[in-house]
1. Estimate the FRET efficiency between residue 31 and residue 234 by the formula 1/(1 + (r/R0)^6), using the beta-carbon distance for r and 35 Å for R0, to the nearest 0.05.
2. Using only alpha carbon positions, build the gyration tensor of segment 164-217, then give the equivalent ellipsoid semi-axes as the square roots of 5 times its eigenvalues, largest first, whole angstrom.
3. Tell me, in nm to one decimal, what length is gained between residue 131 and residue 40 on full extension, where the rule is 0.36 nm per residue of separation less the Cα-Cα distance?
4. Given R₀ = 22 Å, FRET efficiency for residue 145-residue 106 by Cβ-Cβ distance, to 0.05?
5. Highest mean first, how do 72-79, 83-90 rank when packing is the count of other Cβ atoms within 10 Å averaged over residues?
6. For segment 2-237, divide the Cα radius of gyration by the Kirkwood radius and give the resulting Rg/Rh value with two decimals.
7. For residue 92 and residue 113, what does the FRET efficiency come to when R0 = 22 Å and r is the distance between their Cβ atoms, rounded to the nearest 0.05?
8. With all distinct Cα pairs included, what does the Kirkwood hydrodynamic radius of segment 133-246 come out to in Å, to one decimal, could you say?
């Protein structure tokens, strides 16, 4: 069933995340590679945005800079008005620990720990975490708390990774190709979990993907091409992840 995209409050308040003329260049041998070229974007509280682009479009570079894992060559990034691009390494560590939840294509679970213990690794260092079992129930794994990664399917392992990311109650959830290692049906289940976290917790959520079909579930779609923003639009209606087809 199609859903109305214009949720109350999104885009009306001050931006949670403000990106201003962000550029990133690499030197590879004697060649300069411009991964990002003066990208400017604002993201708002509770927004679910899909960042689309082919391999090499700059979307992962942008997500890594937003998450404090990389630094730009020029330009600025602000989080609640505070310039993250001017932060010290200690301040960046605190930003990542307190404010950012990461979900990657590969789950990065510790094989010798149960699902519950994998999530507890985060809750033990977070300032105001939810209980690990609560986070796992949020992603539909309340009956798998004591299972080890090898006893879980790929989709279940990705849901543990999502639970681990959201257990510290981050303001930003950054998902880098979260369905890339999953089959079509399992991928839709994982996207449903991401949408549920966004809806239930109000977490500003950025999902990057090369799969244009996933854009249908978003409040907003940003397309990157050759390091530049080629499209930035809001969906008039949103589609439930269960209805996505690719």
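The numbers here are math on the coordinates, done by the rules we state, and not lab data. Treat the numbers as computed from the prediction; the structure is a model and nothing was measured. Heads up, the Cβs are rebuilt from the backbone with ideal geometry, glycines too, and the neighbour counts pull from every protein chain shown.
1. 0.40
2. Its equivalent ellipsoid spans semi-axes of 19, 11, 11 Å.
3. 29.1 nm
4. Calculated value: 0.50.
5. Put in order of decreasing packing, that is 72-79, 83-90.
6. 0.96
7. Efficiency computed from Cβ-Cβ geometry: 0.25.
8. Taking every pair of different Cα atoms in segment 133-246, averaging 1/r and inverting gives 14.9 Å.
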